[in-house]
Amino acid sequence: MSLSPSSSTPTDSAADAVIPPAREKLAEALKEILTYKDFNSITNAEISKVAGVNESLIYRYYTNKRGLLHKVLQDYMIDFHIRIQNDLKETRGALNKLRRLIQAHMQMYDNNRVFARILLLEVRNFPGYFGSDTYQLIKTYSRHLMDIIKEGIRQNEIRGDIAPEQIRDLILGGIEHFCMAPVIFGSDISSETGAQKLCDLIFSGIEKRSTA
């Protein structure tokens, strides 16, 4: 299962080939500003100034500032999912895959606080997000997690008497609960230790034990 940018994204002209497209400059500018300011306090004028392009291009390419935010999140999600897929290619066993995914998810939040803040704090309070192309990428990631859980049930690694959806929600909820406060207050996430603790806790409840 792969992620790709929305086909509705405007294409660049041949003139844009030498210089990074204006829309990419805008996305990079917002990423930069988000390292030191919260989204609601950022203005279109500030984004365009950092990007070095006309402010009107925000509306041309993204409709508004929030559409640009979704583009930034989309870029991060595509990169994150590609990394996860590459990591899991060499991983055998559903529980090992879940362990690797949980650790990678926490590491991404720890190493990229802009991504973490967008996903955990900035987009979910806006109803339009749940109808966006970007949210479809989140759902694709969720389905990938579900596929691993169902694989574990088929291979008798994971208990079959627990709904896969509940296991998925437990994993994602556990990751977010562990990472939320550090993301808000800018403290260390300790992703390796946190992932180990979360896996030990969750796996103790979902792992299928031998009855012999």
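The values are calculated or read from the model by the stated rules, or taken from the named source; none is laboratory data. All of these numbers come straight from a predicted model, not from anything done at the bench. Heads up, the Cβs are rebuilt from the backbone with ideal geometry, glycines too, and the neighbour counts pull from every protein chain shown.
General remarks:
- Matching entry among ASP161, ASP169, ASP200 (being charged (D, E, K, R), outside any helix (DSSP H, G or I) and over 26 Å from LYS37 (Cβ atoms)): ASP161
- Pairs meeting the criteria (first residue in the stretch 192-204 and within 12 Å of ILE175 (Cα to Cα), second residue among the charged types (D, E, K, R), beta carbons under 8 Å, at least 6 apart or on different chains) are ALA195/ARG99; CYS199/ARG99.
- Scan of the stretch 32-47 for residues that are β-branched (Val, Ile, Thr) and at pLDDT below 95, ordered by number: THR35
- Residue check for THR91: within 29 Å of SER187 (Cα to Cα), touching a Lys or Arg at 6+ places or on another chain (Cβ under 9 Å) and among the β-branched types (Val, Ile, Thr): no
- When ILE167, ILE158, ILE148, ILE138 are checked against the criterion of being out of contact with any helix residue (DSSP H, G or I) (no Cβ under 6 Å at 6 or more places or on another chain) and surrounded by 14 or more Cβ atoms within 10 Å (Cβ to Cβ), ILE138 stands alone in meeting it.
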